[in-house]
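A.B. asks: Sending over a structure as structure tokens; questions will come in a sec.
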Amino acid sequence: MSKPLRALDEAALVLFSGGQDSATCLAWALARFGRVETLGFDYGQRHAVELDCRETLREGLRKQNPLWKERLGMDHTLALGALGDISETALTRNAEITMEKDGLPNTFVPGRNIIFLTFAAALAARRGIRHIVTGVCETDYSGYPDCRDDTIKAVQVALNLGMDSRYVLHTPLMWIDKAETWKLAEELGGPALVSLINQESHTCYLGDRGTMHPWGHGCGECPACALRRAGWEEYVAEKARA
């Protein structure tokens with residue numbers, strides 16, 4: 001990983017869904033920036049229960065670290081129902097999750113991350129923030145093209161040109177897999193942070209919060225659960241070998 005960024009005199013806006021990746025990114029930002037705000041999106045997702053997990057995670061982070069409590073600022077939620085309205089996907093419709101002919105799962109919501117980052121930049125402009133943090137990753141993911149590093153770099157250029165600004169889009173997880181994401185959480189906040197994210201974050205595309213597995217809540221079958229389970233098992237195995 002690159003040398004840690006520390007900008008305690010600056011603020012950051014974290015795209016915070018309530019999932020494992022965004023919760024880890026929030027801790028990453030709290031360790032680096034003097035003020036950190038969060039932004040979630042309600043776009044008609046089937047797993048809208050993730051939005052309910054956000055404040056529990058924020059409160060857990062406050063309790064775990066006095067500095068994080070001091071730095072954690074406002075939370076924002078934007079309603080983007082139009083995105084769900086135009087998306088014929090298994091993430092916004094009650095449909096079976098399958099693989100499409102193009103090799104992508106039908107949970108892919110076209111343009112989602114591009115739209116999220118555009119709205120995040122607009123909010124950041126109003127809040128006087130230039131650092132935007134998102135948990136996208138192209139190392140261990142479902143193949144979504146808007147999670148790729150090239151996409152994020154292109155969006156950063158477009159935002160800075162179109163808004164005459166100097167936004168910096170941070171992707172702390174871009175080149176690490178899910179096991180390394182759990183390890184990063186441990187490095188940031190120790191076992192307590194790992195436990196908080198394991199128990200209180202939400203990943204499952206079907207919104208299953210009734211079943212608690214060793215790796216967290218979920219149906220255990222959808223692509224998101226499969227990635228989270230595999231990453232957790234590898235993380236635990238590596239710790240056992242250490």
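A.B. asks: Of the conditions (1) under 23 Å from Arg126 (Cα atoms); (2) surrounded by 15 or more Cβ atoms within 10 Å (Cβ to Cβ); (3) of a type outside the set (Lys, Arg); (4) touching a residue at least 60 places away in the same chain (Cβ under 8 Å), Val36 clears all except one; give me its number.
C.D. replies: Condition not satisfied by Val36: (4).
A.B. asks: Taking the condition small (Gly, Ala, Ser) and surrounded by fewer than 22 Cβ atoms within 10 Å (Cβ to Cβ), does Ala192 pass? Talk me through it step by step, then tell me what you get.
C.D. replies: Details: small (Gly, Ala, Ser): yes; surrounded by fewer than 22 Cβ atoms within 10 Å (Cβ to Cβ): yes.
Against the criterion (small (Gly, Ala, Ser) and surrounded by fewer than 22 Cβ atoms within 10 Å (Cβ to Cβ)), Ala192 qualifies.
A.B. asks: Name the one entry in Leu39, Leu51, Leu8, Leu78 that is in a strand (DSSP E or B) and out of contact with any helix residue (DSSP H, G or I) (no Cβ under 8 Å at 6 or more places or on another chain).
C.D. replies: Working: Leu39 fails: out of contact with any helix residue (DSSP H, G or I) (no Cβ under 8 Å at 6 or more places or on another chain); Leu51 fails: in a strand (DSSP E or B); Leu78 fails: out of contact with any helix residue (DSSP H, G or I) (no Cβ under 8 Å at 6 or more places or on another chain).
The conditions single out Leu8.
A.B. asks: For region 154-172, which positions are free of Cβ contacts under 8 Å to residues at least 12 places away in the same chain and assigned to a helix (DSSP H, G or I)? Before you say what the answer is, go through the steps one by one.
C.D. replies: Step one: filter region 154-172 for residues free of Cβ contacts under 8 Å to residues at least 12 places away in the same chain, giving 154, 157-158, 160-162, 164.
Ala154, Val157, Ala158, Asn160, Leu161, Gly162, listed by residue number.
A.B. asks: Considering each residue of region 173-210, count those that are at pLDDT 95 or above, among the small types (Gly, Ala, Ser) and in a loop (DSSP other than H, G, I, E, B), and give that number.
C.D. replies: The total comes to 1.
A.B. asks: If I ask for residues that are under 30 Å from Cys225 (Cα atoms), in contact with a strand residue (DSSP E or B) (Cβ under 9 Å, 6 or more places away or on another chain) and among the charged types (D, E, K, R), which ones from region 116-170 would you list?
C.D. replies: If the condition is that a residue be under 30 Å from Cys225 (Cα atoms), in contact with a strand residue (DSSP E or B) (Cβ under 9 Å, 6 or more places away or on another chain) and among the charged types (D, E, K, R), then Lys153 is the only one that fits.
A.B. asks: Also, I was wondering about something else. Is it the case that some residue within region 146-168 is touching a Ser or Thr at 6+ places or on another chain (Cβ under 6 Å) and at pLDDT 90 or above? Step through it out loud before you land on a result.
C.D. replies: Quick first cut of region 146-168, residues touching a Ser or Thr at 6+ places or on another chain (Cβ under 6 Å) only: 152.
Filter once more, so that each one left must be at pLDDT 90 or above: 152.
Looking for residues that are touching a Ser or Thr at 6+ places or on another chain (Cβ under 6 Å) and at pLDDT 90 or above, one finds at least one in region 146-168, hence yes.
A.B. asks: Now for a different question. Would you call Ala185 among the small types (Gly, Ala, Ser) and surrounded by fewer than 18 Cβ atoms within 10 Å (Cβ to Cβ)?
C.D. replies: Values: among the small types (Gly, Ala, Ser): yes; surrounded by fewer than 18 Cβ atoms within 10 Å (Cβ to Cβ): no.
No, not satisfied.
A.B. asks: I'd like the full set of residues that are over 17 Å from the mean Cα position of the chain (by Cα) and either more than 20 Å from Leu196 (Cβ to Cβ) or assigned to a helix (DSSP H, G or I) (or both), limited to region 60-73.
C.D. replies: Arg62, Lys63, Gln64, Pro66, Leu67, Trp68, Lys69, Glu70, Arg71
A.B. asks: Continuing with this model, one more query. Give Gly190, Gly216 a once-over and let me know the one that is free of Cβ contacts under 8 Å to residues at least 12 places away in the same chain and among the small types (Gly, Ala, Ser). I'd like the intermediate steps shown before the answer.
C.D. replies: Values: Gly216 fails: free of Cβ contacts under 8 Å to residues at least 12 places away in the same chain.
Gly190 is the lone residue from the list that is free of Cβ contacts under 8 Å to residues at least 12 places away in the same chain and among the small types (Gly, Ala, Ser).
A.B. asks: Taking the conditions exactly as written (over 30 Å from Gly128 (Cβ atoms), modelled with pLDDT under 95 and not in a strand (DSSP E or B)), does Ala95 satisfy them or not? Spell out the reasoning first.
C.D. replies: Details: over 30 Å from Gly128 (Cβ atoms): yes; modelled with pLDDT under 95: yes; not in a strand (DSSP E or B): yes.
When the stated conditions are applied, Ala95 passes them.
A.B. asks: Does Ile115 meet the test of being modelled with pLDDT under 95, hydrophobic (A, V, I, L, M, F, W, C) and over 14 Å from the mean Cα position of the chain (by Cα)?
C.D. replies: Values: modelled with pLDDT under 95: yes; hydrophobic (A, V, I, L, M, F, W, C): yes; over 14 Å from the mean Cα position of the chain (by Cα): yes.
Answer is yes for this residue.
The values are calculated or read from the model by the stated rules, or taken from the named source; none is laboratory data. Just so we're clear, the structure is a prediction, and the values are computed from it rather than from any experiment. As a convention, Cβ positions derive from the backbone with ideal geometry for all residues, glycine included, and neighbour counts pool all protein chains shown.
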